[in-house]
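Scroll down for the structure; my scribbles are underneath it.
The values are calculated or read from the model by the stated rules, or taken from the named source; none is laboratory data. On a predicted model such as this, the values are computed, not experimentally measured, just so you know. Neighbour counts are summed over all protein chains in view; Cβ atoms, including those assigned to glycine, are modelled from backbone coordinates with ideal geometry.
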Amino acid sequence: MKTAKTLSWLVALAGLWEIFAPFLLGYKATGAALWDDILIGIALVVLASWAALTNVVDTIKGLSWVNVVLGIWLVVAPFILGYGHVAAAVWNDIIIGLVALVLSAWAASAVGSDVGHGQTHGGAA
C-alpha cells in the first residue's frame, strides 16, 4: 500500500503542475488548453490525494484507474479540443498525461500486492 500511496502523491504533484502550466509555459491565452489543464489538474490533485490518504484498497484502485483515464484524456485532448498547434500545451499535456497514466496504473496494480495491517478492502475506513 505504501507504494500506491507514494505513486498517488506523485500524481497529485503532476496535477498541481498541470493547474499552473498554462501560466508558467505561456499558453494561458489559449482558452481550451487553459481550462482543460486547470480542470483536469484539479481532478488529478483531488483524486490522487484522496487515494493517497485513504486505507481502503478498493477506493485506491478505483481512484487510480480514474486517473489513468484522465491521463489518456490529457494525451489526446490537444487534438480533440483543437489546440494541437500550441506546442507548449501539446507537449505538456502529453508528458503529464503519460506520467499520470503510468503512475496511476502502477498504483492501481501495486495496491493489491503490498497490503499490510490496518488496510481494508471495501467500505469506509
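The lone criterion from (1) more than 15 Å from L103 (Cα to Cα); (2) surrounded by fewer than 20 Cβ atoms within 10 Å (Cβ to Cβ) left unmet by A21 is number (2). Considering the stretch 21-32, the residues that are part of a helix (DSSP H, G or I) and not hydrophobic (A, V, I, L, M, F, W, C) include one that is farthest from G82 (Cα to Cα), namely P22. Total residues in the stretch 28-51 satisfying the condition of being buried (at least 20 other Cβ atoms within 10 Å of the Cβ) and more than 9 Å from the chain's Cα centre (by Cα): the figure is 5.
Restricting W35, W65, W9 to those that are free of Cβ contacts under 8 Å to residues at least 24 places away in the same chain and in a helix (DSSP H, G or I) reduces the list to W35. In summary, K5 fulfils each of the numbered conditions (1) buried (at least 18 other Cβ atoms within 10 Å of the Cβ); (2) touching a Phe, Trp or Tyr at 6+ places or on another chain (Cβ under 9 Å); (3) more than 13 Å from L70 (Cβ to Cβ); (4) at pLDDT 95 or above with the single exception of condition (2).
Enumerate the pairs (first residue in the stretch 78-92 and without any contact (Cβ under 8 Å) to a residue 12 or more places away in the chain; second residue anywhere and loosely packed, with under 12 Cβ neighbours inside 10 Å and not in a loop (DSSP other than H, G, I, E, B)) with beta-carbon separation below 8 Å, excluding pairs fewer than 6 apart on the same chain, so at least 6 apart or on different chains. Going by the 8 Å Cβ cut-off, there are no qualifying pairs. Given the structure, is I60 part of a helix (DSSP H, G or I), at pLDDT 95 or above, over 20 Å from K2 (Cβ atoms) and not small (G, A, S)? Judged against the criteria, I60 is not a match.
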